[in-house]
Amino acid sequence: MADAKVQYLANWLDNKTADSLYELFQRELDWSEGLIKIFGKTVKIPRLQAWYGDAGTDYEYSGVKMSPLPWQDDLHKLKVKCERQCGSSFNSVLANFYRYGKDSMGMHSDNEPELGPEPIIASVSLGEARNFDFKHKVNGEKFRLPLEHGSLLIMSGKTQKYWQHGIAKTKKQIEPRLNFTFRKIMV
C-alpha cells in the first residue's frame with residue numbers, strides 16, 4: 001500500500017489468551033450504545049463502544065465526545081503488551097463491540113488533531129473475523145484485510161493522512177467481534 005505503514009500480525013495472541021479475553025471483555029467492560037450525527041441527522045452508533053484511558057484523555061470524533069473510564073486491569077495489561085510490540089506508548093483505547101453483521105464502522109481516518117500528525121494506532125481483534133477495508137483518499141486504491149481472532153494491526157506513518165478505513169456491514173450470519181484501538185491522545 002503506497003503512502004501507508006501497516007503491519008499485520010496474525011495470531012499475535014495465542015488462542016487460549018484470545019478466547020479468555022474475548023469472554024472477559026464482553027462481560028466486564030462498560031459497553032454503551034451512543035448517538036452520532038451523520039449528515040445533520042442523529043442516529044444510533046452501529047456498534048457498542050467503551051472509552052478507557054488515563055485521566056484527561058477526552059476524545060471527540062463526529063460530534064461524539066468521550067471521557068475515559070479508568071483502566072480495567074486486563075485491558076491495561078493488553079495496552080502494555082501493545083506498547084512493547086509497537087515501541088510506543090498509549091494512553092487510551094476505543095473498544096468496539098460488533099454484535100452482528102449489521103454493526104459496522106464507516107470509512108474514516110483517525111486524523112483528529114489530538115492524535116498528532118502521524119499517529120500510531122494498535123488494533124487488537126477478538127472474536128469473529130471481519131474484513132477491514134482501506135481506501136486511498138487520492139487515487140481511490142482499495143485494499144481488504146480480514147482481521148482474525150487474536151490479531152494485531154498496526155497503522156503508523158502517513159497512513160491516516162492518505163487512507164481511510166472501515167468495517168462494512170454484512171448480511172452473513174456471524175458471531176460477535178471485539179476490537180480495541182490503542183492510541184495516544186496529545187494532552
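Please treat every number below as a calculation from the coordinates, not as lab data. Quantities reported herein were computed from a predicted structural model and do not represent experimental measurements. Cβ placement follows ideal geometry from the backbone for every residue including glycine, while neighbour counts extend to all protein chains displayed.
Numbers at a glance
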| item | result |
| --- | --- |
| Shape call, the stretch 75-146: gyration tensor on alpha carbons, a/c limit 1.5 | oblate |
| For the stretch 10-44 and the stretch 111-145, distance of Cα centres in Å | 16 Å |
| Label-to-label distance, nm, for residues given as LYS158 and LYS77 (7 Å Cα→Cβ offset) | 4.0 nm |
| Efficiency of FRET from Cβ geometry, TYR61 and LYS5, R₀ 25 Å, rounded to 0.05 | 0.70 |
| Under 14 Å, Cβ to Cβ, from SER89 - net charge with Lys/Arg +1 and Asp/Glu -1 | +3 |
| Pair GLN85, ILE38: separation of 7 Å Cα→Cβ label points (nm) | 2.9 nm |
| Listed peptides 112-121, 26-35 by packing density, highest first (mean Cβ within 10 Å) | 112-121, 26-35 |
| Rg [Å, one decimal], Dmax [Å, integer] - the chain, C-alpha atoms | 15.5, 44 |
| Gained length - ALA168 relative to GLU23, 0.36 nm times residue gap less alpha-carbon distance | 49.8 nm |
| Prolate/oblate/rounded label for the stretch 92-187 (Cα gyration tensor, a/c 1.5) | oblate |
